[in-house]
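The values are calculated or read from the model by the stated rules, or taken from the named source; none is laboratory data. A quick note: this is a predicted structure, and the numbers were derived from the prediction, not measured. Neighbour counts run over all protein chains shown; Cβ positions are idealised from the backbone, glycine included.
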Amino acid sequence: MSGVTLENVWKRFGTTEVLKGIDLAFEPGEFVVLVGPSGCGKSTLLNIVAGLETLTEGEVRIGDRVVTHVPPKDRDIAMVFQSYSLYPTKSVRRNITFGMEMRGVDKAKQDKSVADVAALLHIEPLLDRKPAQLSGGQRQRVAMARALVRDPDLFLFDEPLSNLDAKLRIEMRTEIKKLHQRIQKSVIYVTHDQIEAMTLASRIAVMDQGHVRQFATPDEIYENPADLFVASFMGSPPMNILSGRIVDEGGLAVEVSDEAGPVRFPLPDPLARSVAGAAGRSVKLGLRPETITGRDGQQRVADLFAFERRIEVIEPTGPDTMLITSLGGEELIARVRPEDRAQVGQPFAFEVNMAKAKLFDAESGRRL
Amino acid sequence: MSSVEGSVKPRAAGWRLERWLPQLVVSPIFALSLFFVYGFIAWTVYISFTKSRMLPVYEFIGLAQYERLWATPRWHVALENLFVFGGLFIFGCLLIGLLLAIFLDQRIRAEGVLRTIYLYPMALSFIVTGTAWKWILNPGLGIEKLVRDMGFPNFTFDWLVNPEMAIYTVVIAGIWQSSGYVMALFLAGLRSVDDDILKAAAIDGAGPIRTYAGIILPMLGPVLLSAVIILTHLAVKSFDLIIALTGGGPGYATDVPATFMYAYAFQRSELGMAAASAVMMLATILAIMVPYLYSELREKDR
Amino acid sequence: MSGATDGIVRASGAGSRFLRILLFALLILFALYYLLPFFVMLATSLKTLDEIRTGSLISLPSSLNLQPWVEAWSGACVGVRCDGLQPYFWNSVLIAIPGVAISTFLGAIAGYALTKWRFRGANIIFALMLFGAFIPFQVVLLPMARTLGFLGIAGTLAGLILVHVVYGLAFTTLFFRNFFVSVPDALVHAAKLDGAGFFAIFFRILVPMAIPTFGITVIWQFTQIWNDFLFGVAFTVGDSNPVTVALNNVVNTSTGVKQYNVDMAAAIIAALPTLLVYVVAGRYFLRGLAAGAVKG
């Protein structure tokens, strides 16, 4: 089992820079998810680790071995593709064995491996079919089988679930997680779906425009986002970001104003210390929807702050109800209990847990 | 499926007209097809069962014209030529076309220019192609002279006027004209292969030869089939090229069914036999096209 | 795009470089094979007859002798008439323009009606029409000759235009049907809800969307009609011959000294319009070939 190290990896196509100096180090056995919006460079980075794409500058190591110029087949990796990439003219069995045939594995061992992996993924009845005769979910399983049978050092997944329907996607997500817990191999997994990233990863690398914005555990990413991009990309519904200004009137607060008047969000101690003596400074205040509730919607903690706003839209989701209002010209989403009485057009008393609030620099977007 | 039905109640006469408009518009076009294709085929088939010579007569005489046709040595020459020409032409075009497509698929610099060069003969009339190759193959002044001037005074290359070999000159010119087209078909097929399939093959450790032979080429089955169909079609219909290159000669050594039919219809005034030979050509095409179209349409329905 | 995958990291070495050089050499060789006949035609057309007899087939002309081109355009004898290819070239133009326009328009409207207003039997009608693209035309030559005579347009340009229109319909309908099938029905439904009728939907919504298909179809039909020889030689006489027939007559005129240079100039003149279309609109040309290939 090996870790993966990327050192100062650059990728340019002509004048466009797709990756701008990536430095990452993955531990052996880790499940790393690369997540980001489309075009952020995550798939390119995965292809570079696979050797399916050359890099312009930098170095890739798998374990202690520098593989920058090693062809894909010699990197001891397996890959599952978004389009599954099954060979359409070969049966499922031949799809699975093709790599072993190339490596000259003897027939008896091939049969044994196919049997094992088919049992693991419940695809025994499909072995003699052609890919065109399989459903999307079945193709996905075959693609996984083809990767598993290699028994590689490192698994690479390129958006493997994005062609599946919602229900199947959740099922397969769980299955991938179980598989990883069982075989304990290193995995690099690319997705644009932040829920997939949160549920699967031992660590997440959030990417944007060729940079890694933050590389940390899911909890850390969610609770302590490094900047505005990470904060707003991870989480659904996304974090509310309000533009305001620091004021000091018997304690530091963030003032957000609009035509309905100003709201002063008092800053509790750790936050207040980060902006001490900075009255007048422009900041962004980040409030996750679940930290804003109706009155008595959350445990009594010291830092609860109440304010009132007119409700514009109500979106029940079942377990929770989303209330949408606006504040300081921005949309504000609160996650309240279904039994909280709310009516469109009526004022509603919100309560926000300021201990969970985040502050960002208005200019750079860095967390304060 | 049907898009017009399900509309709410017809409002007035205008609506009723609107409802029938598609059929009204299609019917004259369809009628043209019916008359000029099916009507004409029926007429030709009928004439092939009459004793028409200079002028069509409508007296039915059974298979006599077909018996005469098959007893005519020139018809046998034409058929034999079609097999020789068709076989070599199809094989040559497929081979060169596939090779060029694979070569061009290797991320070649100037691919666009090369592709344009390979394909331009397809824009030419067969008459032009025939004229050009007739000059190049001209025994007195063409390639023969070129090689002799290069210091091989005994070199002979007189296929164009040699009854045994003349049909092969048609093959050479035909392949020159059509192989680029086959290249384009195969190249489009190669390019339609999903990138990720090739990545998967690279990770599986397949080298270029195994990747092509084991994975990509088997995926080109449908392209191969349509290329064969098109080339067969071209071969059976080929008329212009032979007229321009050899005129069917020397003698009638390079006659094919298409030139045979033309000669009997318009020069020898044997309408009945000409019709019979045309029906034989149609039957050949049908034997190839009908199963193909049938399988294509069934594919669509699924 | 398998070509684009060559970002794949490969073991590199002298061997692979040698292979690529070999590959490139082969491709150049093939390019020469395709180019040579045209080069020979062009070179020959610019030489004098003396130079042709004494010089080499593949040598460049010693001087640019445009006389054969003038001769081919306006002086060469086709049968007894010695006006060069010029009148026949214009014949071809006069046949091609209405022939292309009418068959394209009819094909567009038929393709539209058959796909977007799928009435009962539309598929059968299409299949029956499509069949017309596959028949060997020999099977319609005799009845066509008689029909043209009956209509009083035997041996005229009008007659040949009619022939090209009716036998081009199968292809033009195919092209447009294939395009319109890919246009979502929902678009037509939306237009119907907006109150558009059969022709309004066609002209206002689908025709603008189908501009590329018009391009493909026009190029295909133009190439077919311009390059046609069989119909031209069967259904026209003398003065109404299209350029391909006239070219063949020029080349095969047995009287007098064989003027190879004039023959070659004439061949290039006859090829020029379609060649020009290919160079200017090669992409559409190729798409037409591919579309024609899908079924034909």
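Computed quantities for the displayed model
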| read-out | value |
| --- | --- |
| Per-region count, the stretch B:105-118, residues in a helix (DSSP H, G or I) and either touching a His at 6+ places or on another chain (Cβ under 7 Å) or more than 7 Å from chain C (Cβ to nearest Cβ) (or both) | 4 |
| Neighbours by Cβ (under 6 Å, 6+ apart or cross-chain): first from the stretch B:62-90, farther than 14 Å from B:Ala275 by Cα; second among the small types (Gly, Ala, Ser) | B:Gly86/B:Ala235; B:Phe89/B:Gly174; B:Phe89/B:Ala235 |
| Residue that is surrounded by the most Cβ atoms within 10 Å (Cβ to Cβ) [pool: residues in the stretch A:67-100 that are in a helix (DSSP H, G or I) and of a type in the set (S, T, N, Q)] | A:Asn95 |
| Breaking point among (1) within 11 Å of another protein chain (Cβ to nearest Cβ); (2) closer than 22 Å to C:Phe38 by Cβ, for B:Tyr168 | (1) |
| Pairs, first without any contact (Cβ under 8 Å) to a residue 12 or more places away in the chain in the stretch C:262-275, second outside any helix (DSSP H, G or I), C-beta under 9 Å, six or more apart | C:Ala271/B:Leu124; C:Ala271/B:Ser125; C:Leu275/B:Leu124 |
| Selection from the stretch A:189-212 of residues that are β-branched (Val, Ile, Thr) and surrounded by fewer than 17 Cβ atoms within 10 Å (Cβ to Cβ) | A:Ile195, A:Thr199 |
| Sole residue being touching a strand residue (DSSP E or B) at 6+ places or on another chain (Cβ under 7 Å) and of a type in the set (Ser, Thr, Tyr), chosen from C:Ser182, C:Ser240 | C:Ser240 |
| The stretch C:61-93: number of residues that are farther than 30 Å from B:Leu137 by Cα and either at pLDDT 95 or above or surrounded by 16 or more Cβ atoms within 10 Å (Cβ to Cβ) (or both) | 1 |
| Hey, C:Phe222 more than 7 Å from every other protein chain (Cβ to nearest Cβ) and at pLDDT 80 or above or not | yes |
| Residue ranges of helices (runs of 4 or more DSSP H) in the stretch B:194-302 with at least 1 members within 30 Å of A:Pro72 (Cβ to Cβ) and within 13 Å of chain A (Cβ to nearest Cβ) | B:195-204, B:221-237 |
| Selection status of C:Ala234, free of Cβ contacts under 8 Å to residues at least 60 places away in the same chain and either part of a helix (DSSP H, G or I) or in contact with a Ser or Thr (Cβ under 7 Å, 6 or more places away or on another chain) (or both) | no |
| Scan of the stretch C:12-60 for residues that are facing chain B (nearest Cβ under 10 Å), farther than 17 Å from B:Leu137 by Cβ and not in a helix (DSSP H, G or I), ordered by number | C:Gly55, C:Ser59 |
| Meets criteria (in a helix (DSSP H, G or I), polar (S, T, N, Q) and out of contact with any helix residue (DSSP H, G or I) (no Cβ under 8 Å at 6 or more places or on another chain)) for C:Asn178 | no |
| Subset of the stretch C:167-209 (residues that are under 29 Å from the mean Cα position of the chain (by Cα), surrounded by 16 or more Cβ atoms within 10 Å (Cβ to Cβ) and among the small types (Gly, Ala, Ser)) | C:Gly168, C:Ala170 |
| Qualifying position, being touching a Pro at 6+ places or on another chain (Cβ under 7 Å), assigned to a helix (DSSP H, G or I), assigned by TED's automatic domain parsing to the domain that holds A:Met79 and not β-branched (Val, Ile, Thr), among A:Ala108, A:Ala145, A:Ala132, A:Ala119 | A:Ala132 |
| Test set (1) within 11 Å of chain B (Cβ to nearest Cβ); (2) in a loop (DSSP other than H, G, I, E, B); (3) of a type in the set (A, V, I, L, M) - A:Leu55 fails condition number | (1) |
| Filter pass, B:Gln65 being surrounded by 15 or more Cβ atoms within 10 Å (Cβ to Cβ), farther than 18 Å from C:Ala145 by Cα and within 12 Å of another protein chain (Cβ to nearest Cβ) | no |
| Every residue from the stretch C:110-161 that is facing chain B (nearest Cβ under 9 Å), farther than 27 Å from B:Val228 by Cα and in contact with a Ser or Thr (Cβ under 9 Å, 6 or more places away or on another chain) | C:Ala110, C:Leu114, C:Lys116, C:Trp117, C:Arg118, C:Phe119, C:Arg120, C:Ala122, C:Leu142, C:Pro143 |
| Among (1) modelled with pLDDT under 90; (2) touching a strand residue (DSSP E or B) at 6+ places or on another chain (Cβ under 9 Å); (3) buried (at least 19 other Cβ atoms within 10 Å of the Cβ); (4) not β-branched (Val, Ile, Thr), the one test that C:Gly155 misses | (3) |
| Considering residues of the stretch B:127-174 that are small (Gly, Ala, Ser) and outside any loop (DSSP other than H, G, I, E, B) only, the residue farthest from C:Ala246 (Cα to Cα) | B:Ala166 |
| Of all residues making up the stretch C:237-255, the number that are free of Cβ contacts under 8 Å to residues at least 24 places away in the same chain and part of a loop (DSSP other than H, G, I, E, B) | 2 |
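Yes/no matrix, rows are residues, columns are (1) crowded, with 18+ Cβ neighbours inside 10 Å; (2) under 30 Å from A:Phe81 (Cα atoms):
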residue	(1), (2)
B:Tyr120	yes, no
B:Ile127	yes, no
B:Arg148	no, no
B:Met165	no, no
B:Asp204	yes, yes
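Each row is one residue, and each column tells you yes or no for (1) surrounded by fewer than 18 Cβ atoms within 10 Å (Cβ to Cβ); (2) among the polar types (S, T, N, Q); (3) within 27 Å of the chain's Cα centre (by Cα).
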| residue | (1), (2), (3) |
| --- | --- |
| A:Arg309 | no, no, no |
| A:Pro319 | yes, no, yes |
| A:Glu330 | yes, no, yes |
| A:Ile333 | no, no, yes |
| A:Ala355 | yes, no, yes |
